[in-house]
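Participant: Okay, here's the structure, questions in a sec.
The values are calculated or read from the model by the stated rules, or taken from the named source; none is laboratory data. Being a predicted model, the structure only gives us computed values, none of them experimental. Note that each Cβ is placed from the backbone with ideal geometry, even for glycine, and that neighbours are counted across all protein chains shown.
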């Protein structure tokens, strides 16, 4: 028998505005958060994760871009202007391997971040949790070679993965 998650149970009972505000740090898109709140109640975590994916994959590109803007650049401590306090803390945790990397790797990440932003007009987004700075740099260099459409799909997928990871953290806070 599946038992209900206490965080999910409390969240199901909130009014829609409060529920959207509580879940927003998991993604960064206000439309995603509103649609998640409107989709309640969820009986279990699996249903929440499935609904999250369905909502995310059906958002407009402007909603995706809003979520992307809620992240700091890889390797930077500066908090994105639109990030919630919880989102900023999760970003620091997810990028912990970058902070302990050697200065040459950090410099290469900064250089490639600038190149990526010049090429694609947005920050480089990767689900960094558990990845070393070198692994992230290799992914960044590879993705710099992608065409716009391929890279857009990859960024959307990376944000989906980050959202799933953050939903798990949120459910167990």
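Participant: Out of 78, 40, 92, which single residue is out of contact with any strand residue (DSSP E or B) (no Cβ under 8 Å at 6 or more places or on another chain) and modelled with pLDDT of 90 or more?
Facilitator: 40
This table checks each residue for (1) modelled with pLDDT under 95; (2) assigned to a helix (DSSP H, G or I); (3) under 11 Å from residue 75 (Cβ atoms).
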{"position": "105", "(1), (2), (3)": "yes, yes, yes"}
{"position": "110", "(1), (2), (3)": "yes, yes, yes"}
{"position": "114", "(1), (2), (3)": "no, yes, no"}
{"position": "117", "(1), (2), (3)": "no, yes, no"}
{"position": "130", "(1), (2), (3)": "yes, no, no"}
{"position": "136", "(1), (2), (3)": "yes, yes, yes"}
{"position": "141", "(1), (2), (3)": "no, yes, no"}
{"position": "149", "(1), (2), (3)": "no, yes, no"}
{"position": "152", "(1), (2), (3)": "no, yes, no"}
